[in-house]
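Engineer: Dropping a structure here in structure tokens format, bear with me for questions.
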Amino acid sequence: MSAEHALRDQLLRLHRRELALRLRAGRAVDPRALEGFVYRGTALGMPRVVERLTWRTFQKAFWRHPESGRVLGWNVRLHQDGLDAPSRPKTTRAGDPMTTWYYELRSVETATLPSSWPQELRHSLVIDYARGNNPALDTVQWVKDPLVDVGDGSGDHLLGVSYLVLPGLYVPTPTFFCLEREAPISFVPARVGTEGSAPWAALSAGERRLAEQIFDAILAVDEDGALPAFARLDHAGFWRALQSGTAPHVAAGLRATIHALNLAPLALSGVHRPLAVLSREQRIACLARLAHSERYELRQMVATAKILACFAYFEHDQVRGQLGGAASAQETERPWAA
């Protein structure tokens, strides 16, 4: 055991159950104690076969944006030279450190978390990747890391774990990590300070098509009925409004919901295929089964998709007119975009 990394070495010997207890017993940390520094990260509690496929060591940086005041951050990829070797960042062609997985550091009170978030982690900070400038399809946007101080309270030694957060629920992962304060920040990637359109709101064309298939099956409006079928309407206005006026957690939650619902039928007896490859009738039947599932999270995802499907459908003057609604979609508020 090296004296310099004694606490890290102690954490490396702990089982994930013990790491979870240390996380819950950790101290709250002031974000001001972290800002301006790069931390050396070490993955904890992972099987050796997983360690060989991922990063054992990495860096995390915490930087306060001078204009917005937000505490932003990023990961730095390191050459895997060994636990006690000096940090040696991988570099881009321009010679800059290779950065990835951008985030914002938030308090539990300001982070977008499910109401079921563990009470014993209410004192933690939260590394929120949904608030970082990540690619639109990067699944890291569904991840949030609670972070606590496991040292003397100075912010020099931190412990965290990754949670997969979906609408209305969270799923713990085995990805624990410790952070050791290493050095002042000497490089800030241009991407981290970019303000503007939120990348989490810009669903791809394929994601929009998948969402519309789900919305159509949930509403199940007959082709030959008095009302137009969902698929026969142009929903470009709904998507434009979602991208430009929606709170980040709504758009990020929709992305997670549509992908989860697309894969959910893989676990249904007699189906075992994604929604996207099923016929319309099969999608309607699958979603009806999921809506009555014993699993709360599946019922909640169908309910979320149903609410948004109704907003997308009833925004159309044609639909509202046939139902006797006088106001146009442009004259009414969009509560889902609040």
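The values are calculated or read from the model by the stated rules, or taken from the named source; none is laboratory data. Quick caveat, the model's predicted, so the values are computed rather than measured. Methodologically, a virtual Cβ is constructed for each residue, glycine included, from the backbone with ideal geometry; neighbour enumeration extends over all protein chains shown.
Engineer: Which count do you get for residues in the range 56-97 that are of a type outside the set (A, V, I, L, M) and outside any loop (DSSP other than H, G, I, E, B)?
Structural biologist: Count: 14.
Engineer: Could you grab me the full set of residues in the range 81-106 that are touching a helix residue (DSSP H, G or I) at 6+ places or on another chain (Cβ under 7 Å) and of a type in the set (Asp, Glu)?
Structural biologist: Listed by number, the list holds a single entry, Glu104.
Engineer: When residues of the range 217-250 are filtered for being at pLDDT below 75, farther than 20 Å from Pro167 by Cα and β-branched (Val, Ile, Thr), how many remain?
Structural biologist: 0
Engineer: Does the range 107-123 contain at least one residue that is part of a strand (DSSP E or B), over 12 Å from the mean Cα position of the chain (by Cα) and hydrophobic (A, V, I, L, M, F, W, C)?
Structural biologist: no
Engineer: What pairs come up if the first residue lies in the range 220-241 and is within 19 Å of Arg280 (Cβ to Cβ) and in the same structural domain as Gln282 (by TED's automatic domain parsing), the second is of a type in the set (Ser, Thr, Tyr) and at pLDDT 75 or above, and their beta carbons are under 7 Å apart, counting only those six or more places apart or on different chains?
Structural biologist: Phe230/Tyr313
Engineer: Is there any pair linking a residue in the range 275-289 that is within 10 Å of Ala217 (Cα to Cα) and among the acidic types (Asp, Glu) to one that is surrounded by fewer than 18 Cβ atoms within 10 Å (Cβ to Cβ) and modelled with pLDDT of 90 or more, with Cβ under 9 Å and at least six apart or on different chains, and which?
Structural biologist: The qualifying pairs do not exist here.
Engineer: Here is a follow-up. When Glu281 is evaluated against the numbered criteria (1) modelled with pLDDT under 85; (2) among the charged types (D, E, K, R); (3) assigned to a helix (DSSP H, G or I), which criterion, by number, is the only one it fails?
Structural biologist: Tallying (1) modelled with pLDDT under 85; (2) among the charged types (D, E, K, R); (3) assigned to a helix (DSSP H, G or I), Glu281 fails exactly one: (1).
Engineer: Among the numbered criteria (1) basic (Lys, Arg); (2) in contact (Cβ under 8 Å) with a residue 24 or more places away in the chain; (3) surrounded by fewer than 24 Cβ atoms within 10 Å (Cβ to Cβ), which single criterion is violated by Arg131?
Structural biologist: The failed condition is (3).
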